[in-house]
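Structure, as structure tokens:
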Amino acid sequence: MTQPILVLNGPNLNLLGLRQPEIYGRETLADVEAALACLAAELGVAVACHQSNHEGQLVDWIQEARKDAAGIIINPGAYSHTSVAILDALNAFEGPVLEVHISNIHKREAFRHHSFVSSRADGVIAGFGTEGYLLALQRMAGLLRS
Ligand code: DHK
């Protein structure tokens, strides 16, 4: 496989490890990305990881993925609950999409229970902590093999 799997993180996920560790854990985004790179090497796939606090930047990366990526793993952060623009961009992407939430959004405030992205995602992982990214990568590698 030549095209990478795009791993996108949305707003405030640059603060992983510092922000509300009782909810999001103590691992930093750099730790998560390093673990993803290790697992990708084991699985024989490539990953390209990006984080932005800006909705339009995330939309631009998803659009670019139409020609540059085999699949998308995305934690849209708070944009999960608000962004039709990210949903539209994902709907224009033809490969598999997996959605990750570090926390169990269904156990939290009601406004977090709905994710626009879930109506496009081929799978959703929530509440597995940062391990959810690794589980998603494993699943994505399987989807791309089949
Ligand atoms: C991350 C966020 O930043 C929140 O806005 C979401 C999600 C939940 C997570 O669990 O990874 O509501």
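The values are calculated or read from the model by the stated rules, or taken from the named source; none is laboratory data. These figures come from a predicted structure and were not determined experimentally. Quick reminder, even Gly has a Cβ in these numbers, built from the backbone with ideal geometry, and neighbours come from all protein chains shown. Note: accessible area is taken over every heavy atom of the protein model, side chains too, but ligands, DNA and RNA are not part of it. Shrake-Rupley method; radii C 1.70, N 1.55, O 1.52, S 1.80 Å.
Close contacts from the stretch 109-135, counting a first residue that is basic (Lys, Arg) and a second that is surrounded by fewer than 16 Cβ atoms within 10 Å (Cβ to Cβ), with Cβ to Cβ under 7 Å and a gap of 6+ residues or different chains, come to Arg120/Asn91. Gly17 passes every criterion in (1) open to solvent by 20 Å² or more (accessible area, probe 1.4 Å); (2) outside any helix (DSSP H, G or I); (3) within 15 Å of the ligand (Cβ to nearest atom) apart from (1). The set of residues in the stretch 98-128 being open to solvent by less than 20 Å² (accessible area, probe 1.4 Å) and within 12 Å of the ligand (Cβ to nearest atom) consists of Glu99, Val100, His101, Ile102, Ser103, Ile105, Ser115, Val117. Just one residue in the set Gln63, Gln57 is surrounded by fewer than 21 Cβ atoms within 10 Å (Cβ to Cβ), in a helix (DSSP H, G or I) and in contact with a helix residue (DSSP H, G or I) (Cβ under 7 Å, 6 or more places away or on another chain); that residue is Gln63.
Residue by residue, here is whether (1) away from the ligand (no atom under 11 Å from the Cβ); (2) closer than 14 Å to Val97 by Cα; (3) of a type in the set (Gly, Ala, Ser); (4) more than 15 Å from the chain's Cα centre (by Cα) holds:
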| position | (1), (2), (3), (4) |
| --- | --- |
| Asn12 | no, no, no, no |
| Gly25 | no, no, yes, yes |
| His50 | yes, no, no, no |
| Glu64 | yes, no, no, yes |
| Gly71 | yes, yes, yes, no |
| Asn75 | no, yes, no, no |
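Pairs meeting the criteria (first residue in the stretch 5-27 and touching a residue at least 40 places away in the same chain (Cβ under 8 Å), second residue hydroxyl-bearing (Ser, Thr, Tyr) and in a helix (DSSP H, G or I), beta carbons under 6 Å, at least 6 apart or on different chains) are Gly10/Tyr79; Leu16/Tyr24. Annotation: of all residues in the stretch 78-97 being within 13 Å of the chain's Cα centre (by Cα) and open to solvent by less than 10 Å² (accessible area, probe 1.4 Å), the one that is nearest to the ligand (Cβ to nearest atom) is Ser80.
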